[in-house]
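Inspection log for the structure reproduced underneath, given as structure tokens.
The values are calculated or read from the model by the stated rules, or taken from the named source; none is laboratory data. Everything quoted here is computed from the prediction, not taken from an experiment. Every residue, glycine as well, gets a Cβ built from its backbone with ideal geometry; the counts of neighbours run over all protein chains shown.
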Amino acid sequence: MCPVAEDKTLLILGGTGEAAALAHRLGQVSGLRMITSLAGRTRAPAAVPGKFRSGGFGGAEGLARYLATHKIDFVIDATHPYAAQITANAAAACAAAGVPRLILARPPWQQQLNDRWIRAADAAAAAVVLSDLGRRVFLTIGRQDLAPFAARPDIWFLVRAIETPEAPLLLANYHLILGRGPFAAEDEAALMQEHGIAVLLSKNAGGQATYGKIEAARRLGLPVVMIDRPPLPIGETVLSVDEAAAWAEARVPAVPEPPSPHP
Ligand SMILES: NC(=O)c1ccc[n+]([C@@H]2O[C@H](COP(=O)([O-])OP(=O)(O)OC[C@H]3O[C@@H](n4cnc5c(N)ncnc54)[C@H](OP(=O)(O)O)[C@@H]3O)[C@@H](O)[C@H]2O)c1
């Protein structure tokens, strides 16, 4: 009698559209259990197939303990390209626990003809270059990285968030709007014109959902201060959900064929 292969457990580190798409893609794979982990920043995240957990693990050591306790067979780090801490933690924890790890990193946007990009190494560098470019800034980099812009009462920020923040933002002079992508270029251009925006401040997130603002800035001839991506740790990396799904499927044992009725 053939031994029955055990189910495999995949931990998806999420918080992106790609992580959710991957969970949906792998939801029907027999022999595969999935757990999607979110940081817990969004109050009402969209449901995904498989199990779901929320909140930090407690650093790389905490994540390594989680891998052992939950018998995780492999990990796909599908976090946002700027979520550098969890990506570093995943690299360290998987190495310590001997658990295979894949990074799913969507390709960055490439500068096009007529794009006016000014690259900044990080948010602090972006805050320095901003004032030479204009005093009305559309800030689209998330709420975690606002500290370098706090001491800038000379700049008015239009800030977009997915949910109403629990506390006022760290900025001296701002207007908050709520919105969840995808955002069309026409709508982004109209929004920027309505608010008299002079500069767009962005991360190079990649993907289509938030590319509309980049297209809109190009059409309006506006400069874009583009914060560089943090470097990725060494490790196997793919650029698409399809490739990540194939990597996971290759690690799940094939379901044995039922015995033939006519030997
Ligand atoms: N940074 C962005 O621009 C951005 C944009 C869109 C979405 N996101 C998503 O938002 C989440 C937080 O981003 P961040 O930039 O704050 O991350 P980060 O700086 O890399 O991580 C900070 C801490 O948050 C916890 N954490 C982050 N992602 C987690 C996950 N998927 N599951 C469990 N714990 C997680 C970890 O806590 P412990 O050390 O306690 O484990 C980590 O050390 C990520 O899941 C990311 O995919 C980020």
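Overview of results
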read-out	value
Conditions (1) loosely packed, with under 13 Cβ neighbours inside 10 Å; (2) within 24 Å of the chain's Cα centre (by Cα); (3) part of a loop (DSSP other than H, G, I, E, B); number of the one not met by R143	(1)
Hey, T36 of a type in the set (S, T, N, Q), within 12 Å of the ligand (Cβ to nearest atom) and assigned to a strand (DSSP E or B) or not	yes
Where T87 falls short, out of the listed (1) part of a loop (DSSP other than H, G, I, E, B); (2) among the hydroxyl-bearing types (S, T, Y); (3) crowded, with 21+ Cβ neighbours inside 10 Å	(1)
Any hit, segment 125-135, residues being closer than 17 Å to L176 by Cα and in the same structural domain as A205 (by TED's automatic domain parsing)	yes
Criterion (assigned to a strand (DSSP E or B) and without any contact (Cβ under 8 Å) to a residue 40 or more places away in the chain) met by exactly one of V159, V137	V159
Selection within segment 105-151 - hydrophobic (A, V, I, L, M, F, W, C) and farther than 27 Å from A167 by Cα	A105, W109, L113, W117, I118, A120, A121, V129, L133
Unique match (being out of contact with any Leu (no Cβ under 6 Å at 6 or more places or on another chain), assigned by TED's automatic domain parsing to the domain that holds E243 and either of a type outside the set (F, W, Y) or surrounded by 15 or more Cβ atoms within 10 Å (Cβ to Cβ) (or both)) among F52, F57	F52
Close pairs from segment 8-27: first in a strand (DSSP E or B), partner acidic (D, E), Cβ under 6 Å, at least 6 apart	K8/D73; T9/D73; L13/D77
One residue from A161, A198 being surrounded by 15 or more Cβ atoms within 10 Å (Cβ to Cβ), modelled with pLDDT under 95 and out of contact with any helix residue (DSSP H, G or I) (no Cβ under 8 Å at 6 or more places or on another chain)	A161
The lone exception for N114 - which of (1) free of Cβ contacts under 8 Å to residues at least 60 places away in the same chain; (2) part of a loop (DSSP other than H, G, I, E, B); (3) not aliphatic (A, V, I, L, M) it fails	(1)
Qualifying residue in segment 68-78 (condition: of a type in the set (D, E), surrounded by 16 or more Cβ atoms within 10 Å (Cβ to Cβ) and modelled with pLDDT of 95 or more)	yes
Number of the condition not met by P259 [criteria: (1) more than 16 Å from the ligand (Cβ to nearest atom); (2) in contact (Cβ under 8 Å) with a residue 60 or more places away in the chain]	(2)
Breaking point among (1) out of contact with any Cys (no Cβ under 9 Å at 6 or more places or on another chain); (2) in contact (Cβ under 8 Å) with a residue 40 or more places away in the chain; (3) within 11 Å of the ligand (Cβ to nearest atom); (4) within 27 Å of D7 (Cβ to Cβ), for D77	(1)
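Table: residues versus (1) modelled with pLDDT of 95 or more; (2) in a strand (DSSP E or B); (3) surrounded by 13 or more Cβ atoms within 10 Å (Cβ to Cβ).
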site: V128; (1), (2), (3): no, no, no
site: L133; (1), (2), (3): no, no, yes
site: D154; (1), (2), (3): no, no, no
site: L176; (1), (2), (3): yes, yes, yes
site: M192; (1), (2), (3): yes, no, yes
site: Q208; (1), (2), (3): no, no, no
site: K213; (1), (2), (3): yes, no, yes
site: R229; (1), (2), (3): yes, no, yes
